[in-house]
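All of the numbers you see were taken from the coordinates with simple rules; none came from a lab. Note that the structure is a prediction, hence the values are computed from the model and not measured. Glycine also receives a Cβ, built like all others from the backbone with ideal geometry; neighbour counts cover every protein chain displayed.
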Amino acid sequence: MSTKPDMIQKCLWLEFLVGLFIAGTLSLDCNLLNVHLRRVTWRNLRLLSMSNSFPIECLRENVAFELPQEFLQYTQPMKRDMRKAFHEMSLQAFNIFSQHTFKSTWKEKHLKQIQIGLDQQAEYLNQCLEEGENENEIMKEMKVDEMKPSEARVPHPSNLELRRYFNRIDNFLKEKKYSDCAWEIVRVEIRRCLYYFYKFAALLRSK
Amino acid sequence: MVALLGAMTLVLVAVAPWVLPVAAGGKNLKSYQKVEVDIIDDNFILQWNRSDESLRSVTFSFDYQKSGTDNWIKLPGCQNITSTKCNFSSVKLNVYEEIKLRIRAEKENTSSWYEVDPFTPYNKAQIGPPEVHLEAEDKAIMINISPPGTKNSVMWALDGSGFRYSLVIWKNSSSGEEEIENIYSIHKIYKLLPETTYCLKVKAALPMAWKVGIYGPVYCIKTTVENKLPPPENIQVSVQNESYVLKWDYAYANVTFQVQWLHAFLKRNPVNHSYKWKQMPNCENVKTTQCVFPQNIFPKGIYFLRVQASDGNNTSFWSEEIKFDTEIQAFLLPPVLKVRSTSDSLHIYIGAPEQSGSKPVNQDYPLTYEIIFWENTSNAERKIFKEKTDFIVPNLKPLTVYCVKARAHTMDEKWNKSSAFGDVVFVKTKPGNASNIWLIAGIGTVSITILAVIYVVKVLLRCINYVFFPSLKPSSNIDEYFSEQPLKNLLLSTSEEQIEKCFIIENISTIATVEETNQTDEDHKKYSSQNCQDSGNYSNEDESESKTSEELQQDFV
């Protein structure tokens, strides 16, 4: 058990060095994708804002979902963590909008477009996640992990803050039985969340 | 003393009932050490060991406590159990919050609690086997995987779009497995043999949460007889003049084709009734192996396309699906050229093309430009690559017409896309003679300016000399009357200002007398100086007057 932290350290070091090497070669690929990402994110933001004004009767039901604080300070040094979080956020938001109990206060066309847009976001982010964070890479690593005895496996506790936030949104929708007001509130909340990540995407220009 | 003893016994009596069962419970504590919690999808499986087998009359109960609260809640389905195993499904638990469990062993009205280490259910959860539905074609198998857990799963409520699957497929008749990883719920395996039985097993994974599930049961299916018409192959999309061109290969003639498209996002979270391929309107029953459709046929996004052949009686199976991103594959419009010519070079400016509607995005992209130019009369083309948008092509012939065209390439290795060539620009280089004339004229103007500058400098120097270093020749009149030396002395001493004035005045008045006696030189000097002083005294009044006027002025100031 005592060798675990050592192994973790060694693995992290190796990952870091490999990541540096890969980052050099990946950056050319990702410059283009970052441009696409910014554009798609902006389009999604506009989509989420494009609707009739927020109905007044829904103001009563408004709830604070408590967006996790760390995303409000997007000057975080670890751009990699933000990218991961952005990827997860895109998938979670996509999941919410894919629930087919969505009654259209919002046109069918917009719903489809936002699903397209969020899917694109997730796709572009996934491509540029660095070594070890990309979905394909993780699948391969997990396969390698499985072969090891269970003591040697490196634990990867996931960051649950973002999940808790989306869980609150999901529970709210279920509680309110997917009413129109609930959907309006959720739409505004997700727009708010996406806006913070959009600021991050704009920062990627400087990369 | 007695009171003390009494108090002590009282205390002992009070404490005893607490102490004794603890001592007794100590044995019970040891009787179950490890409580293992396994979570598969929504099922919590609790297992523990009972080290002391003789204690068969012990019953176990479980309570749970949510983090942040103090009360223990009874766990339904795990109360008063005699065996060492218990199942419950996630009650109204928040799977992302930590919970604590405690287990109690009851024996003849004595019980004690043992707390299990707190854990977060989501982190401990494992992914169960997914459900698989298969459909066979002649050389392909279509797989439809349902996500693990039930439809209203609490554990995977937020992960619906995050599941990825891996499968292992093998031929029933032979050994040799093939593993396919990281696929979506709906997947098609191509390049199989017809009329063969294939078996496969599937497991689910959540890459972003670093979870891998366990393999499900093995499913087998037999591929059908080979179809008369093979499906089209080698499908590619390219862009031409504001529309997309879809091309494919087909071995046989006299067939018509049709094209279908699908939103790519439906593969992430397919729900059967919305996972529908749609017909491409411009491409129904086309006879050629290509089809052109306008750019505005669907909104920007990622799509899948597939093609099918038909000869009237039979239809082929669908071709392999290609992924197509309208953003990445179709964004490059040809650049706009502006060319200026000199006699032996062309100055080229590359501008962004005008895009209708959306923001001009091209300046964001890292692009390389390929410029091809040739003389109008010959066919020999010269190609250069530049990343700047403003540059000069040198070493050209004068008075010739050159044709220039350019296109843009992305600097990406992965998406090696290029725009079409822009319009050809015709430009004629300026005549060489003309340039010679310009050269001569230039030289001429330069030399004239140099001469002018020299002249001006000369004049300036003269002025300077005149002002600061004046020539010491006196006027001719004075020359007649004076020997040089004393006059020189007198004149040289004019450097002192006030005294200078005095001297001149005095000397002029005594001009006639100086010549006669040299001796009187000193005298006359003195005289002059004295006079200067006198005149100084004289002018004291004036000075004082001027002083007072000065003072007055100062007062006013």
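For B:Leu396, the residues whose amide H sits under 5 Å from its own are B:Ser345, ignoring neighbours fewer than 5 places away on the same chain, with H placed 1.01 Å from N. The mean sequence distance of close C-alpha pairs (under 8 Å, at least 6 residues apart), as a share of the length of segment B:131-222, puts its relative contact order at 31 percent.
Can you tell me the FRET efficiency between A:Met50 and B:Lys247 if r is taken as the Cβ-Cβ distance and R0 is 45 Å, rounded to the nearest 0.05? Given R0 = 45 Å and the Cβ-Cβ separation, E is 0.80.
Pairs over the 21 Å Cα-Cα cut-off, from the set A:Lys174/B:Lys211; B:Lys151/B:Lys203; B:Lys201/B:Lys222; A:Lys177/B:Lys211; A:Lys177/B:Lys267: A:Lys174/B:Lys211; A:Lys177/B:Lys211; A:Lys177/B:Lys267. For segment B:76-87, 3J(HN,Hα) computed residue by residue from phi via the Karplus equation (6.51, -1.76, 1.60; θ = phi - 60°) reads x, x, 10, 10, 6, 9, 9, 7, 10, 9, 7, 10 Hz, glycine and proline entered as x. For B:Gly301, the residues 5 or more places off, or on other chains, whose built amide H falls under 5 Å of its own are B:Thr326, B:Glu327. In this calculation the C-beta distance from B:Asp390 to B:Val292 is compared with R0 = 35 Å, giving a FRET efficiency of 0.45. The H on the amide N of B:Val239, modeled in the peptide plane, is under 5 Å from the matching H of B:Val245, each at least 5 residues off or on a different chain.
For segment B:119-153, the residues whose amide N sits under 11 Å from a probe point set 7 Å from the Cα of B:Ile186 along the beta carbon direction are B:143-145.
Rounded, prolate or oblate: pick one for segment B:233-325, where a ≥ b ≥ c are the square roots of the eigenvalues of its C-alpha gyration tensor, a/c under 1.5 means rounded, and failing that, prolate if a/b is larger than b/c, else oblate. Note, shape of segment B:233-325 comes out oblate.
Along segment B:113-128 the Karplus relation, 6.51 cos²θ - 1.76 cosθ + 1.60 evaluated at θ = phi - 60°, assigns HN-Hα couplings of 9, 10, 8, 8, 4, x, 8, 9, x, 5, 5, 8, 5, 10, 8, x Hz to successive residues, with x for each Gly and Pro.
Annotation for A:His110 and B:Asn465: the two label points, set 7 Å from Cα along the Cα-Cβ direction, are 9.0 nm apart.
Give me the percent relative contact order of segment B:35-124, please, defined on Cα pairs under 8 angstrom at least 6 residues apart. Reported as a whole number, the value is 29 percent.
Among the trypsin sites (Lys or Arg not before Pro) within segment B:199-284, those in coil by DSSP and having at most 16 neighbouring Cβ atoms inside 10 Å are B:Lys228, B:Lys276. Once the chain from B:Glu108 to B:Lys222 is taken as fully extended at 0.36 nm per residue, the excess over their C-alpha distance is 34.9 nm. With a simple spin-label model that places each label point 7 Å from the Cα along the Cα-to-Cβ direction, the separation between B:Ser89 and B:Leu134 comes to 2.8 nm.
Just check segment B:158-317 against the gyration tensor rule for me: Cα atoms, a ≥ b ≥ c as the square roots of the eigenvalues, rounded for a/c under 1.5, and otherwise prolate or oblate depending on whether a/b exceeds b/c. Here segment B:158-317 falls in the oblate category.
What does the charge add up to near B:Trp113, with Lys and Arg as +1, Asp and Glu as -1, over the other residues with Cβ less than 12 Å from its Cβ? The answer is 0.
Rounded to the nearest Hz, the phi-derived 3J(HN,Hα) couplings of segment A:31-46 under the Karplus curve 6.51 cos²θ - 1.76 cosθ + 1.60 (θ = phi - 60°) are 4, 5, 5, 4, 5, 4, 4, 4, 5, 5, 4, 4, 4, 5, 4, 5, where x marks glycine and proline.
Counting, for every residue in B:122-129, the Cβ atoms of other protein chains within 10 Å of its Cβ and taking the mean gives 1. Taking the Cβ of B:Arg306 as the center, what net charge do the other residues with Cβ under 12 Å away carry, scoring Lys and Arg +1 and Asp and Glu -1? My count for the surroundings of B:Arg306 gives 0.
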